[in-house]
Amino acid sequence: MMPNEKLALHLHKRDLLRGAAALALAGVLPVRLVAQAAPVLRKRLNLLFITADDLDWSVLGFMGGRMNLTPNLDALAARSHRFVNNRTVAPICMPSRQAFMSGLLPHHNGGTGFIPMTDGTPSLTTILKAQGYFAGAIHKVDHMMPQSSFPWDFVQQGKGRHTLLQAQGAEVAIAEAEAQSKPFFVQCNINDPHRPFYGSPAAAEVDHGDAGPYKIAREVGPGDVVVPPMLDDLPPIRAEIAQYWNSVQRLDAAVGHILGALRASGHQEDTAIVFCADHGMPFPFSKATCYDHGTRVPVLISWPGMGPAREFRNLTTNLDILPTVLELLGAPPPPALDGRSWMPIIKGESGGTQEFVFTYVNEVSSGLSYPTRAVQDDRYSLIFSAWADGKLTLRLESMLGLTYPAMIEAARTDANMAARVKQYVYGVRLALYDLKSDPGQRRNLIDDPAQKRRAARMKDILFQEMQRTKDPQLANYRSVLAGGSATVPQDPDRFRLRGGE
């Protein structure tokens, strides 16, 4: 049988995907599927939680990006409350996902790098299961550990970008919940637009030559894209952004299929829907950094009877997703959460607004440590990079592909590009950026006399927050503020990503 013929089998399987035996026919193997002896009545709202991998906020139509690039997400946004100034607290896959699933900062849940959270840490999975929910997860399950915190009833593991896989897994999970008379919590973790990108040589094999359900209807080219402000307009960079935009389009197609599966199940009118990304795009000055295009991740949330959809520009973080969802579903939150519910903001009550939000980088997928902290208000961002000692150099997955090599080549003859590469690779110990006048974060204002008071206040705000949360980088920050140095030990064998992305 040819590959395309195999993929076509997935198109006619809704009636087959019922139970574990049907999964084997579909080529989808559940890691765990637990039948419960005592069914409970389906009284609560269901939850469909959709996540994207490495999604940049600026490509989304509802965020002002190119129209028709993400029609399914834009349609969902039109009927959802939109939190458009939201930030991830950890712009790296595993720490980010474990943070929003626990409502805790990485140094509070134990998952600072590509390691599991502290055993037994409560999560959205454990809390909703205790409330009688059937919990299913499709893909990226290895980025949510340990099993004691994520005891899924159903797991469809993988990292393929076949646009129907997520919807098919959701069908199975919903059917199993129905069979047990339980409300469902289904999390669909879409692997796009993670590297390797659509149409790139590195993706040819894993994406089956972009054939069948791997193919998008309308590919864009280098001349169609908008280069984000943190990158430079070079031909190879345009070419890679076009690949990335096409990956975003494939993500959107997968979202459309997932929402279609929800409608077909008959549960659209009793299901809350949440959509978010783990962090920003995997390019320089974005993923695995505290720069704007690494940390900004808008969130959509909707539920039946919520009233008119609205846009909220409040400063929020993805730690807030868990307490918001729990309040919406009527489930009690665990004690001592770092996140806060958005329901007061949605209801227009006082006390829901915060002036500053904070983001954290610790260990990256290689296991190397690049500790970074940022405090941000609605315009300015102060970034502390403990690792930036002029010797340690940044090594990230975002340096793969076309963009970073193009920057290196241009830096040979362009002094401005050479300075830009130095900023990225060697870091800046302490920097203040104006995101309104300098969205690419190219001009450090930390020593600007006009920003002296602002810089001093934001330094103090970050210090207070690090002190309050018992941040392990507090001693380094205190030393640097006093004119001293930072100590950044490396233990890559402990924190290195194994067997995932």
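The values are calculated or read from the model by the stated rules, or taken from the named source; none is laboratory data. Keep in mind it's a predicted model, so treat the numbers as computed, not measured. Positions of Cβ are generated from backbone atoms using ideal geometry, with glycine treated the same way; all protein chains shown enter the neighbour counts. The accessibility values were calculated without ligands, DNA or RNA, using every heavy atom of the protein model including side chains. Shrake-Rupley method; radii C 1.70, N 1.55, O 1.52, S 1.80 Å.
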Residue 471 passes all but one of (1) open to solvent by 50 Å² or more (accessible area, probe 1.4 Å); (2) farther than 22 Å from residue 85 by Cα; (3) within 27 Å of the chain's Cα centre (by Cα); which number fails? (1)
So, in region 321-362, how many residues would count as being in contact with an Asp or Glu (Cβ under 7 Å, 6 or more places away or on another chain) and part of a loop (DSSP other than H, G, I, E, B)? 6
If residue 425 satisfies every condition in (1) in a loop (DSSP other than H, G, I, E, B); (2) within 19 Å of residue 282 (Cα to Cα); (3) in contact with a Ser or Thr (Cβ under 6 Å, 6 or more places away or on another chain) but one, which is the exception? (1)
From the list 410, 406, 331, pick out the single residue that is under 21 Å from residue 102 (Cβ atoms) and in contact with a helix residue (DSSP H, G or I) (Cβ under 9 Å, 6 or more places away or on another chain). 331
State whether the residues of region 295-307 include one that is of a type outside the set (A, V, I, L, M), under 28 Å from residue 408 (Cα atoms) and open to solvent by less than 10 Å² (accessible area, probe 1.4 Å). yes
Within region 342-393, count every residue that is hydrophobic (A, V, I, L, M, F, W, C), surrounded by fewer than 21 Cβ atoms within 10 Å (Cβ to Cβ) and under 22 Å from the mean Cα position of the chain (by Cα). 3
Say whether the condition of being in a helix (DSSP H, G or I), open to solvent by less than 40 Å² (accessible area, probe 1.4 Å) and without any contact (Cβ under 8 Å) to a residue 12 or more places away in the chain is met by at least one residue in region 443-460. no
Residue check: is residue 253 open to solvent by 30 Å² or more (accessible area, probe 1.4 Å), of a type outside the set (D, E, K, R) and out of contact with any Leu (no Cβ under 8 Å at 6 or more places or on another chain)? yes
State whether one or more residues within region 422-429 are under 15 Å from residue 480 (Cα atoms), out of contact with any His (no Cβ under 8 Å at 6 or more places or on another chain) and surrounded by 20 or more Cβ atoms within 10 Å (Cβ to Cβ). yes
Matching residues, region 70-95, being open to solvent by less than 10 Å² (accessible area, probe 1.4 Å) and either at pLDDT below 95 or in contact with an Asp or Glu (Cβ under 7 Å, 6 or more places away or on another chain) (or both): 70, 73, 84, 88, 93
Which one of the conditions (1) assigned to a loop (DSSP other than H, G, I, E, B); (2) touching a Ser or Thr at 6+ places or on another chain (Cβ under 7 Å); (3) not basic (Lys, Arg) does residue 301 fail to meet, given that it meets all the rest? (1)
Inside region 334-391, can you point out the residues that are among the small types (Gly, Ala, Ser) and closer than 19 Å to residue 292 by Cα? 374, 381, 385, 386, 388
Considering only residues that are assigned to a helix (DSSP H, G or I) and open to solvent by 10 Å² or more (accessible area, probe 1.4 Å), look in region 262-294 and name the one that is nearest to residue 365 (Cα to Cα). 292
Return the residues of region 126-138 that are out of contact with any Asp or Glu (no Cβ under 9 Å at 6 or more places or on another chain) and surrounded by fewer than 24 Cβ atoms within 10 Å (Cβ to Cβ); say none if nothing qualifies. 126, 127, 128, 130, 131, 132
List the residue pairs whose Cβ atoms are under 7 Å apart, where the first residue sits in region 392-421 and is free of Cβ contacts under 8 Å to residues at least 40 places away in the same chain, the second is of a type in the set (S, T, N, Q), and the two are 6 or more positions apart or on different chains. 395/366
